[in-house]
1. Considering only segment 21-49, how many residues are in contact with a Phe, Trp or Tyr (Cβ under 7 Å, 6 or more places away or on another chain) and either of a type in the set (Phe, Trp, Tyr) or buried (at least 20 other Cβ atoms within 10 Å of the Cβ) (or both)?
2. Quick test of your reading of the structure: Asp60 fulfils all but one of (1) of a type in the set (Asp, Glu); (2) away from the ligand (no atom under 11 Å from the Cβ); (3) surrounded by fewer than 16 Cβ atoms within 10 Å (Cβ to Cβ). Name the failing condition by number.
3. Mind checking which residues of segment 244-270 are under 35 Å from the mean Cα position of the chain (by Cα) and small (Gly, Ala, Ser)?
4. Can you name every residue in segment 76-98 that is open to solvent by 20 Å² or more (accessible area, probe 1.4 Å), touching a residue at least 24 places away in the same chain (Cβ under 8 Å) and away from the ligand (no atom under 14 Å from the Cβ)?
5. Restricting attention to segment 107-128, does a residue exist that is in a loop (DSSP other than H, G, I, E, B), modelled with pLDDT of 95 or more and open to solvent by 70 Å² or more (accessible area, probe 1.4 Å)?
6. Please verify whether Val239 is of a type in the set (Val, Ile, Thr) and loosely packed, with under 13 Cβ neighbours inside 10 Å, treating the condition exactly as stated.
7. Which residue, of Gly227, Gly279, Gly275, is over 25 Å from Asn16 (Cα atoms), of a type in the set (Gly, Ala, Ser) and surrounded by fewer than 18 Cβ atoms within 10 Å (Cβ to Cβ)?
Amino acid sequence: MDQTVALYIVPTPIGNLGDMSSRAIEVLQGVSLIACEDTRHSGKLLSHFGIDTRTTALHDHNERARAQWIVEQLAAGQSVALISDAGTPLISDPGYHLVSHVRESGFNVIPLPGPCAAITALSASGLPSDRFSFEGFLPSKEKARADKLLALKEDPRTLIFYESPHRIEHSLTTMVEVLGGDRQVVMAREVTKTFETFLCGQVSEVLEKVSRDPNQQKGEIVLMVHGFHLSDDEALPTVAINSLKLLCEELPLKKAAALAAQIHGVKKNALYKYGLEVGL
Ligand code: SAM
């Protein structure tokens with residue numbers, strides 16, 4: 001195959017080998033070298049597709065050093081492909097330093113489209129997909145996790161998290177505490193695999209199902225959270241919200257909500273509820 005000399009970014013299946021594209025196989029066969037997160041893990045995938053290209057390890061601990069060596073391969077006219085253990089490289093996976101170094105060095109970087117757990121799960125979640133924010137993994141320490149969620153609490157976009165099965169219960173619990181038990185979430189587990197499951201509902205309901213059923217605490221998980229929104233009858237003009245925030249600097253929330261409601265002719269309860277939701 002005639003290939004432009006480049007670093008190729010090649011997604012691989014997230015569970016179902018049928019999702020390997022013919023172009024991915026062609027590129028992996030055609031390059032001189034494949035950089036893998038784990039050469040043993042990827043060796044199985046490559047041999048399944050009859051690809052015998054040389055591999056080299058590129059992971060979080062050696063990426064910067066390896067990047068220079070890979071640029072030297074490109075300079076010698078050798079194309080290189082980057083794969084990760086599963087899905088799209090660089091998406092909660094190594095590759096960022098390599099890609100930026102290859103670009104800075106003036107070589108082509110050619111991406112192939114393909115499997116990515118976040119996008120695949122989002123597409124079937126039923127949550128708004130016009131705007132979303134991919135947040136990777138939540139911190140494992142409780143305080144850091146709560147702080148991160150607090151910072152995202154009023155984000156109107158759908159939030160996408162990767163989660164490990166042994167932390168899912170903790171993360172859902174922190175979500176109930178920080179975002180409120182009625183926030184809509186979708187937990188996508190084992191996407192593209194035999195036990196693919198989507199649990200949808202209020203975060204308190206999903207937490208209950210997960211706590212009750214140990215099978216829900218197995219496998220790989222994408223957790224998606226509906227963005228912050230007020231219901232139609234609670235929608236508030238920005239000027240009223242701004243007044244409420246200012247008044248809250250001097251007054252208790254109840255009093256501030258009553259005054260702001262009078263000034264702007266909006267419902268006192270809606271302002272009060274908003275204040276509680278955002279922690280004024
Ligand atoms: N680069 C990968 C991608 O494009 O999706 C993600 C790599 S990240 C290290 C691995 C995490 O992705 C898992 O812990 C899980 O949260 C999510 N994930 C990967 N495969 C999945 C699947 N089949 N179903 C649900 N989540 C998955």
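The values are calculated or read from the model by the stated rules, or taken from the named source; none is laboratory data. Since we're looking at a predicted model, the values are computed, not measured. Quick reminder, even Gly has a Cβ in these numbers, built from the backbone with ideal geometry, and neighbours come from all protein chains shown. Accessible surface areas use protein heavy atoms only, side chains included; no ligands, DNA or RNA. Shrake-Rupley method; radii C 1.70, N 1.55, O 1.52, S 1.80 Å.
1. In the first step, residues of segment 21-49 are kept if they are in contact with a Phe, Trp or Tyr (Cβ under 7 Å, 6 or more places away or on another chain); the result is 25, 27, 31.
Subsequent filtering for residues that are either of a type in the set (Phe, Trp, Tyr) or buried (at least 20 other Cβ atoms within 10 Å of the Cβ) (or both) retains 27, 31.
Total meeting the criteria: 2.
2. If we test Asp60 against (1) of a type in the set (Asp, Glu); (2) away from the ligand (no atom under 11 Å from the Cβ); (3) surrounded by fewer than 16 Cβ atoms within 10 Å (Cβ to Cβ), just (2) comes out false.
3. Selection gives Ala270 alone.
4. Answer for segment 76-98, where residues must be open to solvent by 20 Å² or more (accessible area, probe 1.4 Å), touching a residue at least 24 places away in the same chain (Cβ under 8 Å) and away from the ligand (no atom under 14 Å from the Cβ): Gly77, Gln78, His97.
5. Yes: one or more hits.
6. Numbers: of a type in the set (Val, Ile, Thr): yes; loosely packed, with under 13 Cβ neighbours inside 10 Å: yes.
Against the criterion (of a type in the set (Val, Ile, Thr) and loosely packed, with under 13 Cβ neighbours inside 10 Å), Val239 qualifies.
7. Exactly one residue qualifies, and that residue is Gly279.
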